[in-house]
Amino acid sequence: MTSKSNIHFEISERKILLRILDVFFIGLALYIFSFFSGFDYIKIDETHWRWLVVLVIYIMGFGTIFELYDLKKSSKIETVSSAIVLTTSITVLVYLLTPYYTPTLPENRIQILYFYLAILFPLLIWRLAYITFIASPRFYKRALLVAEVSNVEAIIASLNAADPNYQIIGFINCEAENENSVKFKGLTQYSPNEIHKIIIDKNISEVVVASSNSERITPSIYVDLTTLLERGYPIREYTQVYEDMSYRVPVSFIGKDFYKYFPFSRNNKNKLYLAYRRVFDIILSVIGIFCTLLFLPFIAIGNAIGNRGPLLYSQERIGKNGKIFKIFKFRSMVKNAEADGAVWATKNDARVTSFGRFLRRTRLDELPQLINILKGEMSIIGPRPERPIFVNELALVIPFYHTRHIVKPGLTGWAQVLARYGSSIDDSQVKLEYDLYYIKHRSFLLDFNIIIKTLSTIVFFRGQ
């Protein structure tokens, strides 16, 4: 069985494409400027290739911090244009201020403007082309869903939220063999015996199986899926598709076969990786404590004026293996904020003072936790430590909640940089899904990614 050609780009392919063509078009623009206008601040030739390498490093680095390669931002010109301007501006500024690695400042200052425009215009034009062509429906990945009817709505919503370029064409109810196609939740429901025909006619790229219990799949569908698999056709399990697209582990969809979904990263037991983490924690916490001491007089003055109370406060939190420890923070709430008992913190919480809101948005309130890191109670990167009273409540309603305690809690983490503020059980479940993804996949590269995204959080004042 063959299907018509269906060109589409995976998430990783789109990210690579953006980076490669950013560099290509900027290099091309610099070469054209140099060739036709006498622009010689940075020449693209075999003698000065190091200058271009430094420029590429700056663009990639600042582009990542300012979310130039965020696929959701890149799909709309109104959101990606601000990232382009920020990336271009900071890249040019830093490039000009590092002449040891870059060309000496030009005598003719108009060349600085040329240099700026040679980066800005190619990025704007190329990203507009990306939105018009690559991010258009013609390159969407088309999939057929095999699932129970009761799960279809939630599955479609989760996949659309994770990647708008992933298109579910229709679904097959794996529990019953319906002869007639009907409309359900805006999708066409196909009969199981149509599966081979639908794949060809609808140009399907892959089949996604989303059954919470494999025993419910009817024998005829099982035979068809086996036949497709033997012919090399892509068949994927929903939880893996969801995890690859959203970078979360879907805990609500995991049942009695939970052990299949948690092949946690070998780095959780890798002594070299753990040693690196501890050295990394110590070095960054020592540097951070020194920097905190420099800012401390200003924070103390702001606290005295805006908070009018103790500068520091401590609170019990749950650490690795469920061990309780005391966390330290700069106080951001009014005195006696929990006089009536512990309550969920919420976005725009009335108990947060004006100066406290500044501390939270800049993440400065978290700096005293560097002491916890130095003591070994926390790490720079990991799930946020939660209060015992809330852990007990959440563990009763969210599956696998205690699993997040198999690693040290962190000052920052995958959930902190990707999830919104956790002020409800639903928000806590989303954060848990991110935490489990981190525990499952943690590595040098993922740690580096979190550090970069943390910088983005600080730059855009997203701390809460």
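Whenever you get a sec, compute what percent of the accessible area on the stretch 216-334 sits on carbon and sulfur atoms (1.4 Å probe). Write down the numbers at each step before the final one.
On the way: 4720 of 7170 Å².
Using a 1.4 Å probe with all protein chains present, the stretch 216-334 comes out at 66 percent carbon and sulfur.
A simple spin-label model places pseudo-atoms 7 Å from Cα toward Cβ; at ILE301 and THR227 they are separated by 7.8 nm. Computing percent of Cα pairs over 27 Å apart directly from the structure and comparing it against (1) 51; (2) 69; (3) 65 singles out (3).
Using a probe of 1.4 angstrom, how much of the accessible area of the stretch 51-106 is carbon and sulfur, in percent?
Details: 1880 of 2560 Å².
Of the solvent-accessible surface of the stretch 51-106, carbon and sulfur hold 73 percent.
How large is the accessible surface per residue of the chain, computed with a 1.4 Å probe and reported in Å² as a whole number?
Accessible area per residue, the chain: 51 Å².
Classify the stretch 352-430 as rounded, prolate or oblate, taking a ≥ b ≥ c as the square roots of the eigenvalues of its Cα gyration tensor: rounded when a/c is under 1.5, otherwise prolate if a/b is larger than b/c and oblate if not. Oblate shape, in that a/c is at least 1.5 and b/c is the bigger or equal ratio. With a Förster radius of 45 Å applied to the beta-carbon distance between LEU187 and ILE458, the computed FRET efficiency rounds to 0.60. Computed from the C-beta positions of LEU128 and LEU17, the FRET efficiency with R₀ = 22 Å rounds to 0.90. For the chain, the 222 nm mean residue ellipticity estimated from helices alone, with every DSSP H stretch of n ≥ 4 adding -39500 (n - 2.57) and the total spread over all residues, rounds to -15500 deg cm²/dmol.
Accessible-area rank, largest first, for LYS323, LYS72, LYS43: LYS323, LYS72, LYS43, with all protein chains present and a 1.4 angstrom probe.
At most 12 other Cβ atoms within 10 Å and a DSSP loop assignment: could you name the trypsin sites (Lys or Arg not before Pro) in the stretch 387-464 that fit? Kindly include the intermediate steps, with their values, before the conclusion.
Working: sites: ARG404, ARG420, LYS431, LYS440, ARG442, LYS453, ARG462; in loops: ARG420, ARG442, ARG462.
Answer in residue order: ARG420.
Under the simplified labelling scheme, the LEU97-CYS291 pair shows an inter-label distance of 1.5 nm, with each label point 7 Å from Cα along Cα→Cβ.
Note on ARG308 and LYS375: the model spin-label points, each 7 Å out from Cα along the C-beta direction, lie 3.1 nm apart. Backbone geometry of the stretch 402-407 corresponds, through the Karplus equation with coefficients 6.51, -1.76 and 1.60 at θ = phi - 60°, to 3J(HN,Hα) couplings of 5, 4, 5, 8, 7, 10 Hz, x marking Gly and Pro.
The simple Förster model, with R0 at 30 Å and r as the Cβ-Cβ distance, assigns LYS440 and GLU316 a FRET efficiency of 0.60.
Placing a label point 7 Å from the Cα of ARG216 along the Cα-to-Cβ direction, the residues of the stretch 137-170 with a backbone N closer than 13 Å are 146-155. Separation of the alpha carbons by more than 26 angstrom is noted, of LYS271/LYS329; LYS269/LYS320; LYS15/LYS408; LYS326/LYS431; LYS335/LYS375, for LYS271/LYS329; LYS15/LYS408; LYS335/LYS375.
The values are calculated or read from the model by the stated rules, or taken from the named source; none is laboratory data. Every value quoted in this text rests on a predicted model; they were computed, and no experiment measured them. Positions of Cβ are generated from backbone atoms using ideal geometry, with glycine treated the same way; all protein chains shown enter the neighbour counts. What goes into the accessible areas is simple: the full protein's heavy atoms, side chains included, and nothing from ligands, DNA or RNA. Shrake-Rupley method; radii C 1.70, N 1.55, O 1.52, S 1.80 Å.
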